[in-house]
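The values are calculated or read from the model by the stated rules, or taken from the named source; none is laboratory data. If you're wondering where the values come from, they're calculated on a predicted model, not measured in any experiment. Cβ atoms come from the backbone with ideal geometry, glycine included; neighbour counts cover every protein chain shown. In case anyone asks, the SASA skips ligands and DNA or RNA and just uses the protein heavy atoms, side chains included. Shrake-Rupley method; radii C 1.70, N 1.55, O 1.52, S 1.80 Å.
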Amino acid sequence: DERKLFAKSNSSDYDINNLKGQVRNVIAVENKNLDNSPIQFMPFTSEKIFQISDFNKSGEMILYREDYEGNIPFMKNEYIYDLNGKLLEELIYDEDDNIIDSVIFKHNIQGQMIEEFRKNYDIRLLAFYDENGYLNKVKEESELQGYGEKFYIIKRENENISEIEIIEDNKLTNKSFYKYDDFGNVRKVEHYNGVGDLLSSELIEYDVENN
């Protein structure tokens, strides 16, 4: 979700994931299709994956992992913060608990995240804020990936993100629109390509606690 780019600069993970109260652990279950055969056209098999998120007392996610049934590891992400609760590094592990990638974060003196660097993929995200401190543009760059400049242009209605444009090499490639209810919850998301064709549409529902 492009709305979560640099979201940690202003919000806790409770806010980002729309969780209420002192949540310490969240478990979700997902069925994933996995091809267990080296033969390309063999049927896929379905495996149940447990998605487990651990939070600290400040509402920041400190560990995210995915396990197969029987507590068999699939992957995990570990998050490291400074004494002020600012995210410094994300460590990404494989199923054998080996670090396979890391993400380094930098902040300005106001505490806003201004840079995110993914080492293995050589992807750097640079954040730009308006005079009110709201994120309004993200620049993505990478020599290794071989593409030119890529920008995320963020537009708002009041504080809520209403539209995100993705521009690559000075050409509009994607555009997303966000609609909200009276409580500030996203209710509808529409994604379009650069020429205005609808790619997908999402309707989001909440319970009485707005979760």
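Observations, loosely collected:
- Accessible surface of segment 98-146 [probe 1.4 Å, protein heavy atoms]: carbon and sulfur percent: 47
- Principal axis box of segment 50-194, alpha-carbon based, largest edge first, Å: 44, 42, 35
- Loop-located GluC sites (Glu not before Pro) in segment 70-101 (DSSP state other than H, G, I, E, B) with a sparse environment of at most 11 neighbouring Cβ atoms within 10 Å are absent.
- FRET efficiency for Lys48 and Met75, using Cβ-Cβ distance with R0 set to 22 Å, rounded to 0.05: 0.90
- For the pair Asn56 and Lys137, the difference between a 0.36 nm per residue extended length and the Cα-Cα distance amounts to 26.2 nm.
- Taking the three principal axes of the alpha carbon atoms in segment 130-211, the coordinate ranges are 47, 33, 22 Å, sorted in descending order.
- Per-residue SASA entry for Tyr134, accessible area with 1.4 Å probe, Å² rounded to 10: 70
- For Glu159, solvent-accessible area (1.4 Å; no DNA, RNA or ligand), Å²: 120
- Convex hull volume of segment 44-122 per residue (C-alpha atoms, cubic angstrom): 123
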